[in-house]
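Structure first, then comments.
The values are calculated or read from the model by the stated rules, or taken from the named source; none is laboratory data. Computed from a predicted structure; not experimentally measured. Reconstructed Cβ throughout: ideal geometry from the backbone, glycine too, with neighbour counts over all protein chains shown.
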Amino acid sequence: MLQDSNGSAGNEGWIACLTYKSIATAAPSVADLHTLVGRARARNRKLSVTGMLLYEGGSFFQTLEGPPEKLDALWSSIKQDPRHDHIEVLSEHVAPARLFSDWDLLLQSRQDELTPPATVDRAAPQAVAGHIDSLVELALNADDVRINAFIAALEDEGWTSHAIVTLLIEPCARALGDAWLADDCSELDLTIGLSMLQLAGHAVRHYANARSARHSRYSILLATAPGEQHMLGTTILADQFTDAGWRVDMAFPDSDEALSNQLNAQRPDAVDIGLSDAMQRLHALPRLRATIDHTRLAAPDHPTVISVGGRMFAEAAATAASVGADHARMTATGASIRMAELVRQSRKRRSKSGSSPQ
Ligand SMILES: Cc1cc2nc3c(=O)[nH]c(=O)nc-3n(C[C@H](O)[C@H](O)[C@H](O)COP(=O)(O)O)c2cc1C
């Protein structure tokens, strides 16, 4: 876990991030929570792990971030801890920077007065689980005005665009997909909800990304996998890559040929092929593998870095290798930095092997 498709932790200095929720096996007292967090902070400090723990109404919600191998070791302990069960990992990815740099473990709990922070780290999300429910409800009600106000208020509280996308928008998309699968909402509701989340992604960009660098020389084609109708991840990426200064083109091809034709005409440095961020698409893996094979042949003299994304990869990045992609993104945020590095490496390889780089 917490590794990229090549089985490594990726760029030096990259931070692994894990968010999960779980159910407490017995309601902890204030003293229990104090003890748990006190010990956890000491161990997290030694491991250079930071994060936050929320306890509310019998449920835990925790985000942890740190060096991938350290976080792996800690996660093995936490998973086995008998104080909670029904553990559900909500997000797992690597990122260029921490959200909770000042907190060995920030405790948020509605049941007591022990919460320490007078000022929260600029990005520390509070009561994230409740926010997910609120955003899902606004999305299902197609209330774009309140969604924009909601995102703006989070920004004012100090949430970064990274936190809003990875801790809210992407988990909301998965919650909507699950609601549809459980027959708790109609397909129309799901479609409207995902479109609303797309707007929310746009609002993030508007409010939070003003300081992004705009000097990339790279180009990317953002495509949905042929036949894929959900485009939330792809549209959020468009904002992220545009803000990072990439030349961005988008494609919603209906066949491998259509995708290859566009690649051949544009010859971008990278292509991202997206599946649904809301739904599982395990059955699409063999099909995606064929698409990627086809894509690699589109312009053999101009190797293109290929990344894949979608719920399936958010939950198991190792599947990238099984479809032959160079990279699986577990979230939209940070993707431009990661892809820039992969393009740079690919250009270096090309110039070493003597073929003329562009
Ligand atoms: C919800 C929950 C969150 C926890 N978070 C942490 C944590 O962030 N850091 C930590 O060291 N231990 C945490 N623990 C405690 C660990 O599960 C474990 O008891 C502790 O790390 C000692 O591990 P060991 O028994 O493998 O030595 C948490 C436990 C629970 C129930």
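Within the stretch 13-32, restricting attention to residues that are under 28 Å from residue 67 (Cβ atoms) and part of a loop (DSSP other than H, G, I, E, B), which residue is farthest from the chain's Cα centre (by Cα)? Checking each candidate, the answer is 13.
For first residues located in the stretch 63-81 and assigned to a helix (DSSP H, G or I), partners that are modelled with pLDDT of 95 or more and lie 6+ apart or on another chain with Cβ distances below 9 Å form the pairs 78/84. Among the conditions (1) over 21 Å from residue 170 (Cβ atoms); (2) hydrophobic (A, V, I, L, M, F, W, C); (3) within 9 Å of the ligand (Cβ to nearest atom), the only one that residue 53 does not satisfy is (1). Quick check: anything in the stretch 43-64 more than 15 Å from residue 107 (Cβ to Cβ) and acidic (Asp, Glu)? The answer is no; no qualifying residue exists. Scanning the stretch 63-78 for residues that are surrounded by fewer than 21 Cβ atoms within 10 Å (Cβ to Cβ) and within 8 Å of the ligand (Cβ to nearest atom), which turns out farthest from the chain's Cα centre (by Cα)? My answer is 77.
Being modelled with pLDDT of 90 or more and either at positive phi or over 18 Å from the mean Cα position of the chain (by Cα) (or both) is the filter; apply it to the stretch 185-224 and report the residue that is surrounded by the fewest Cβ atoms within 10 Å (Cβ to Cβ).
Among residues in the stretch 185-224 that are modelled with pLDDT of 90 or more and either at positive phi or over 18 Å from the mean Cα position of the chain (by Cα) (or both), the one surrounded by the fewest Cβ atoms within 10 Å (Cβ to Cβ) is 219.
Among the residues of this structure, residue 35 does not count as one that is hydroxyl-bearing (Ser, Thr, Tyr) and assigned to a strand (DSSP E or B).
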